Amino acid sequence: MRVSKLFGKTQRETPAEAETVSHQLLLRAGMIHQVAAGVYSYLPLGWRVFKKIENIIREEMDKAGGQELMMPVLQPLELWQETGRDLAFGKGLFTLSDRKDRKLCLGPTHEEVITQLVRYNVQSYRDLPLLLYQIQTKFRDEPRPRAGLIRVREFTMKDLYSFDTDEDGLNQSYDKMLQAYQNIFTRCGLHTLLVEADSGAIGGKESHEFMVITESGEDEIIHCAHCRYAANVDKAESIKGKVEPEEPLPLEEVATPGVGTIEQVSNFLKVPKSHTLKAVFYIADGKLVFVVIRGDIEVNEVKLRNALGCVELRLATEAEAIEAGVVAGSASAIGISDIKIIADDSITSGANFVAGANKPDTHFRNVNYPRDFRVDLMADIAQARAGEGCPQCGSKLLSTRGIEVGHIFKLGTFISEKLGALFIDPNGAPHPIIMGCYGIGLDRLLAAAIEQNHDAQGIIWPMSIAPYHIYLCPLHLENPEVATAAEKVYAELEAQGLEVLFDDRKESPGVKFNDADLLGIPIRVTISPRALETDSVEIKKRSEKESELMPLEGIAARLKELIKNLF
RNA sequence: CGGGGUGUAGCGCAGAGGGUAGCGCGCAUGGUUUGGGACCAUGAGGUCGGAGGUUCAAAUCCUCUCACCCCGACCA
């Protein structure tokens, strides 16, 4: 490809709206263009990268035994109502009506459609196991699209679904995918961390995420340097800081004028926060819930939602809490009878807590559970933090950030049961098919690759997903010798099937070098009068500072070898 | 949805206090240049996000609206 003919221009200045590195570089390199919030076009260079990623994924899916198929974006809303997941997705689901006023939605994922499809094609255990996948556009009306391609409303996902007859089969499918995912990310030049995850709106039990570790990541990961424990904060467990055991003392009321927050209580009464109990109020599916947790620990809303088994969860407003009879600033579970109380298990580690007295400007000392109050539900609903103990080995936990590029789930039979996808076992008895689902966001993977591979000059594409392998960069094109040599090398490389971006523009060296760096093509081949004197060209890897001379003779074969070694 | 911010040429920006829009980059033409974003000359390009209002006069003041970005609750 000749740069002079290439659609898409590089830009010197960073577009103002872009804050994330990958977003900035993709825009500056002319690889994407924004159409609306969270909606982008790919220009030729960006699209080449995209297709390379797509091919790597396809190869690995096929190798793992996946069969590719294609399902529609447009789906009847009814299908979603059957599994109840229309509610789980809520406003994230793009819905529309057809001319007959039938309700449709744009698929945010395809468990429903594929399960329905499988129901019609699978009757017997002999038809299983199955691994079916597609690479297709998904629509999710994200509350807040952000960071270029990292979080968008229209995106491409590879989604594979596994169908098995038993748990063992599911585990095997899961392991196959886990391995295939490792292969994919490695081949794309990414370092990922496998973390335990919450399964969210998709539902199901066990699930893992593949995180690209980078500061700009949206997700916080809690991990252990000692034993490889790693989990999304949403899911992460920890050994909560222990409090010295004490003999329970009698309840004692203290005046605490103007004291409301845990911070103030702790300061006013000179007790550590871990010696206080915090009351937090949530509205879970429309009902007020009273949450009790040790004062030094934050509530993890994902865990809370799971513990409650609710769909919608939000913090209650102060007005809602007061209406329910709560004394703001001095609330505690003591004497509360008509509100559901859920407590974090941290309240059992410790004694003689300070808690609200449910009277204005008053707290209790020496509150003890279960002596002084009742709890309807006790669970781990705490946000794990760096510094706390690893749940597996007890060492100190660390925290990093990452971008979730892949997510795998053991779904179980939730959807197959709802949609009646059954198989007959060897004894003639019907059972719901056991499912798993496995997703990779291609656009996000592309962006994450840049987040992990760039410098101040621009992108540094890993060879496997680079839009072109070679940036052919002649200097002084007005010099006939250079022009001839450049054309000849270009033709030769093309003939050898090498992917070459030929900068045939009559631009200054600085412009060309800067564009080459910005675009991130792995190998730069410079042809100049200087090097031609010794019948050689200059080779520079994008990832390295120094260049080296290489004889013009047999250049194609040499470059081919070099490229092969860089994969 | 809550909070914060921005909309002026393809990109980055300027334009206090009303007088009909400017700079840099980019683009076009010509010339001189060429190893890390060259220089000179000439030129094209804007219903100032949109609607309404105030005014002799609005990018500028008022009202409403839309879009986009950032921080939080969601997820590939």
Task: Residues that are open to solvent by less than 20 Å² (accessible area, probe 1.4 Å), in contact with a strand residue (DSSP E or B) (Cβ under 9 Å, 6 or more places away or on another chain) and in a loop (DSSP other than H, G, I, E, B), drawn from segment A:21-47 - done: A:Ala29, A:Met31, A:Gly38
Open item on the list: Out of the residues in segment A:318-340 meeting the condition of being within 16 Å of A:Gly286 (Cα to Cα) and open to solvent by less than 30 Å² (accessible area, probe 1.4 Å), tell me which one is modelled with the highest pLDDT.
Closed with: A:Ile339
- [ ] With the condition kept exactly as written, say whether any residue in segment A:529-536 is touching a Ser or Thr at 6+ places or on another chain (Cβ under 8 Å) and surrounded by 14 or more Cβ atoms within 10 Å (Cβ to Cβ).
- [x] no
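Is it the case that segment A:515-526 has a residue that's near RNA strand B (Cβ under 8 Å from one of its atoms) and surrounded by fewer than 16 Cβ atoms within 10 Å (Cβ to Cβ)? Steps first, please.
In the first step, residues of segment A:515-526 are kept if they are near RNA strand B (Cβ under 8 Å from one of its atoms); the result is A:515-518, A:524, A:526.
From what's left, surrounded by fewer than 16 Cβ atoms within 10 Å (Cβ to Cβ): none.
Scanning segment A:515-526 turns up no residue that is near RNA strand B (Cβ under 8 Å from one of its atoms) and surrounded by fewer than 16 Cβ atoms within 10 Å (Cβ to Cβ).
Using the structure shown, decide if A:Ala343 is buried (at least 19 other Cβ atoms within 10 Å of the Cβ), modelled with pLDDT under 85 and under 30 Å from A:Ala147 (Cα atoms).
On the way: buried (at least 19 other Cβ atoms within 10 Å of the Cβ): yes; modelled with pLDDT under 85: yes; under 30 Å from A:Ala147 (Cα atoms): no.
No, not satisfied.
Answer with yes or no whether A:Arg151 is open to solvent by 40 Å² or more (accessible area, probe 1.4 Å) and within 7 Å of RNA strand B (Cβ to nearest atom). Give the derivation first.
Working: open to solvent by 40 Å² or more (accessible area, probe 1.4 Å): yes; within 7 Å of RNA strand B (Cβ to nearest atom): yes.
Judged against the criteria, A:Arg151 is a match.
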Task: Members of segment A:46-72 that are over 17 Å from A:Asp443 (Cα atoms) and in contact (Cβ under 8 Å) with a residue 24 or more places away in the chain - done: A:Glu60, A:Met61, A:Lys63, A:Ala64, A:Gly65, A:Gly66, A:Gln67, A:Glu68, A:Leu69, A:Met70, A:Met71, A:Pro72
- [ ] Could you tell me whether segment A:421-432 includes any residue that is farther than 30 Å from A:Leu43 by Cβ and open to solvent by less than 20 Å² (accessible area, probe 1.4 Å)?
- [x] yes
TODO: Please tell me if A:Leu106 is in contact with a strand residue (DSSP E or B) (Cβ under 6 Å, 6 or more places away or on another chain) and away from RNA strand B (no atom under 16 Å from the Cβ).
DONE: no
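If you take just the strands (runs of 3 or more DSSP E) that sit entirely in segment A:387-456, which of them hold at least 1 residues that are touching a Phe, Trp or Tyr at 6+ places or on another chain (Cβ under 7 Å) and either outside the structural domain of A:Thr14 (by TED's automatic domain parsing) or within 13 Å of RNA strand B (Cβ to nearest atom) (or both)?
Of the strands (runs of 3 or more DSSP E) lying wholly inside segment A:387-456, those with at least 1 residues that are touching a Phe, Trp or Tyr at 6+ places or on another chain (Cβ under 7 Å) and either outside the structural domain of A:Thr14 (by TED's automatic domain parsing) or within 13 Å of RNA strand B (Cβ to nearest atom) (or both) span A:397-412, A:434-441.
Is it the case that A:Glu481 is open to solvent by 30 Å² or more (accessible area, probe 1.4 Å), within 15 Å of RNA strand B (Cβ to nearest atom) and among the acidic types (Asp, Glu)? First the steps, then the outcome.
Working: open to solvent by 30 Å² or more (accessible area, probe 1.4 Å): yes; within 15 Å of RNA strand B (Cβ to nearest atom): yes; among the acidic types (Asp, Glu): yes.
When the stated conditions are applied, A:Glu481 passes them.
If we scan segment A:95-102, do we find a residue that is farther than 25 Å from A:Ile521 by Cβ, within 11 Å of RNA strand B (Cβ to nearest atom) and at pLDDT below 90? Spell out the reasoning first.
First pass over segment A:95-102, keeping only residues farther than 25 Å from A:Ile521 by Cβ: A:95-102.
Now narrow it down to the ones that are within 11 Å of RNA strand B (Cβ to nearest atom): none.
No, there is no match, as no residue in segment A:95-102 is farther than 25 Å from A:Ile521 by Cβ, within 11 Å of RNA strand B (Cβ to nearest atom) and at pLDDT below 90.
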Task: Meets criteria (open to solvent by 30 Å² or more (accessible area, probe 1.4 Å), within 27 Å of A:Phe513 (Cβ to Cβ) and either more than 24 Å from the chain's Cα centre (by Cα) or outside the structural domain of A:Ile521 (by TED's automatic domain parsing) (or both)) for A:Lys63 - done: no
Open item on the list: Can you say whether A:Glu507 is more than 10 Å from RNA strand B (Cβ to nearest atom) and either in contact with a Pro (Cβ under 6 Å, 6 or more places away or on another chain) or on the phi < 0 side of the Ramachandran plot (or both), as far as the supplied structure shows?
Closed with: no
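The values are calculated or read from the model by the stated rules, or taken from the named source; none is laboratory data. This structure is a prediction, so every number in the text was calculated from the model and none was measured. All Cβ positions, glycine included, derive from the backbone under ideal geometry; neighbour counts span all protein chains shown. Heavy atoms of the whole protein, side chains included, go into the accessibility calculation; ligands, DNA and RNA do not. Shrake-Rupley method; radii C 1.70, N 1.55, O 1.52, S 1.80 Å.
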